[in-house]
1. Check off (1) in a loop (DSSP other than H, G, I, E, B); (2) in contact (Cβ under 8 Å) with a residue 40 or more places away in the chain; (3) surrounded by 17 or more Cβ atoms within 10 Å (Cβ to Cβ) for residue 239 and give me the number that stays unchecked.
2. Hey, can you tell me all the residues within the range 339-392 that are closer than 12 Å to residue 328 by Cα and not in a helix (DSSP H, G or I)?
3. Name the residue, out of 399, 388, 430, that is under 26 Å from residue 288 (Cα atoms) and without any contact (Cβ under 8 Å) to a residue 60 or more places away in the chain.
4. Among the residues of the range 98-114, how many are more than 22 Å from residue 139 (Cβ to Cβ) and either among the acidic types (Asp, Glu) or assigned to a strand (DSSP E or B) (or both)?
5. So for the range 178-186 (the condition being within 28 Å of residue 531 (Cβ to Cβ) and touching a Gly at 6+ places or on another chain (Cβ under 9 Å)), does at least one residue qualify?
6. On the given criteria, is residue 177 modelled with pLDDT of 95 or more, of a type in the set (Lys, Arg) and within 31 Å of the chain's Cα centre (by Cα)?
7. Can you tell me how many residues within the range 452-484 are more than 27 Å from residue 339 (Cα to Cα) and either surrounded by fewer than 19 Cβ atoms within 10 Å (Cβ to Cβ) or modelled with pLDDT under 75 (or both)?
Amino acid sequence: MKVALAQLNYTIGDFEGNASKIIAEINRLKQANVDLVVFSELSVTGYYPHDLLEKKEFIAKADDAVAEIAKHCQGIAALVGAPRINQHERGKTLFNSALFLADGEIKSSHNKTLLPTYDIFDEYRHFEPNREFSLVEYKGEKIAVTICEDLWDEQPTANEFGKDKLYSISPMEELAKLKPDFVVNLSASPFSYNQEGWRKNVLITKAKKYGVPILYCNQVGAQTELVFDGGSVYIDASGEIVKELKYFEEDCLVLDTTSLGEKALQPKVDYIEKIHDALVLGIRDYFKKMGFKQATLGLSGGIDSAVTVVLAVRALGAENVRVLLMPSKYSSDHSVNDARELAENLGIRYDVVNIQSAVDQFESALSPLFEGRSPDVTEENIQARARGIYMMAISNKFGHILLNTTNKSECAVGYGTLYGDMNGGLAVLGDVYKLDVFKLSRFMNKDGEIIPENTIVKPPSAELRPDQKDTDSLPEYEDLDTMLFNYIELNKSPKEIAALGYDEAVVRRVIRMVNMNEYKRFQAAPILRVSSKAFGFGRKMPLVARY
């Protein structure tokens, strides 16, 4: 059988656009005499629509789009992902379905069994789990249809409470009893920098265990904070990856299941390059799908804003990025010069607006209220908020989206000022630890200096008071990032983290900072997710708690 994996970029709720893209691919592949084309999970609606799934009109439009796509399935069949109404008297309203389209109609519906409710997933909120298993029989082949998580039944639980496996049922165990010739998996598996290895291991393990080839079709593109990296694969019955599609790009693979030809795999790259590509795609799709073209941010001469502006230029083009340099009396000359040099290296527009007069006016107006009190973080925050006002003014006046430059380390411990440097429509580095920000800067400079060397090597500082350095009140980033990773990603206790060689009092102080600043992160811009545990949808903590 001649099968195509169509790895495409969809927009949530754009039924006309998504259907047109799917139909165009079906018609193109029909000319290549393809028998079956596979699209990704919820391809008709885009993944994930959240509570739009509760709207009758949304579901009706999805049904209409499927019907239109089906009309073009003459002489070719397709598997598309879409929500379908649950006709049973009990249970959730919808199924998360893979629809087999042929001869101009829906021939069968295959529903998702395992509905993830961890990390960024909350599918059981909207969908009923499948309990019935059947194959697609087409052109002499028996095809097992699965949807994303259905192949992940053997993953271990993410806790230490004694359970061995997360799920109590195995869809593949049931489908294997029907003796399929191959397995198709429609997926919407979001990117994290270590996800690719897990994903491939799951697919390889399943192919080996059941002795059956797996055709895995993943989505590509970004939906707000989630970035989908593609990387669709064909794995043979021995568990060997034979074909692999591109990462972070739309792509299509046509293969003959009886004659696969030579291996065709993607080159292996370092995790920093993957993070770079994911962030560029995340910015580009956020702007494109929101209908915006231009970005702005404050360029301080520091490493975070430098990396952010390079990513923005690579995503949007130099002509669509504008920055402000906003020195105060505490800004060093080299920081201003570094920022100016970077802007000139990138060929972007920059303007210099000194904030000191505005800060002086705020402090003068507040001085009667603060009489008798020494300067403290309040005065530092006034500077940050003054800069925020200037940046939001540019955003409003010119219709630019303000990019937030706060990294994950700072975001974790609350080193950001609400309504100041935390302003923005999208947080670009909010899931990238400080040490990885430095690695990104080196990657960006691999073919020649773009980010000035001084920006990379100088000690990090907010420059809000004389000779300020981040390490005045934080551990060195080598230590801080390790503590944060173990607490946030690995859920380790203070004692377990201290056992790695850290002073327990320091560990507890860092963890207290993380816990106390939940309210700040609750108000933050959406963060592009590149790790297995990002702030936002994937990490839900109480704002008020004594823990």
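The values are calculated or read from the model by the stated rules, or taken from the named source; none is laboratory data. This one's a predicted model, so the numbers in the text were calculated from it and none came from an experiment. Quick reminder, even Gly has a Cβ in these numbers, built from the backbone with ideal geometry, and neighbours come from all protein chains shown.
1. So residue 239 meets the others, but not (2).
2. Across the range 339-392, the qualifying residues are 352, 353, 354, 355.
3. Values: 399 fails: without any contact (Cβ under 8 Å) to a residue 60 or more places away in the chain; 430 fails: without any contact (Cβ under 8 Å) to a residue 60 or more places away in the chain.
Going through 399, 388, 430 in turn, just one is under 26 Å from residue 288 (Cα atoms) and without any contact (Cβ under 8 Å) to a residue 60 or more places away in the chain: 388.
4. Initial filter on the range 98-114 (more than 22 Å from residue 139 (Cβ to Cβ)): 111-114.
Those left that are additionally either among the acidic types (Asp, Glu) or assigned to a strand (DSSP E or B) (or both): 111.
Looking only at that region, the number is 1.
5. Looking only at the range 178-186, we keep the residues that are within 28 Å of residue 531 (Cβ to Cβ), and these are 185-186.
Filter once more, so that each one left must be touching a Gly at 6+ places or on another chain (Cβ under 9 Å): 186.
Scanning the range 178-186, I find at least one residue that is within 28 Å of residue 531 (Cβ to Cβ) and touching a Gly at 6+ places or on another chain (Cβ under 9 Å), so the answer is yes.
6. Details: modelled with pLDDT of 95 or more: yes; of a type in the set (Lys, Arg): yes; within 31 Å of the chain's Cα centre (by Cα): no.
Here the answer is no, as residue 177 does not meet what is asked.
7. Filtering the range 452-484 for residues more than 27 Å from residue 339 (Cα to Cα) gives 479, 482-484.
If we keep only those that are either surrounded by fewer than 19 Cβ atoms within 10 Å (Cβ to Cβ) or modelled with pLDDT under 75 (or both) too, we end up with 479, 482.
Number satisfying all stated conditions: 2.
Matching residues to (1) at pLDDT 95 or above; (2) within 14 Å of the chain's Cα centre (by Cα):
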| site | (1), (2) |
| --- | --- |
| 206 | yes, no |
| 210 | yes, no |
| 216 | yes, no |
| 233 | yes, no |
| 260 | no, no |
| 264 | no, no |
| 280 | yes, yes |
| 295 | yes, no |
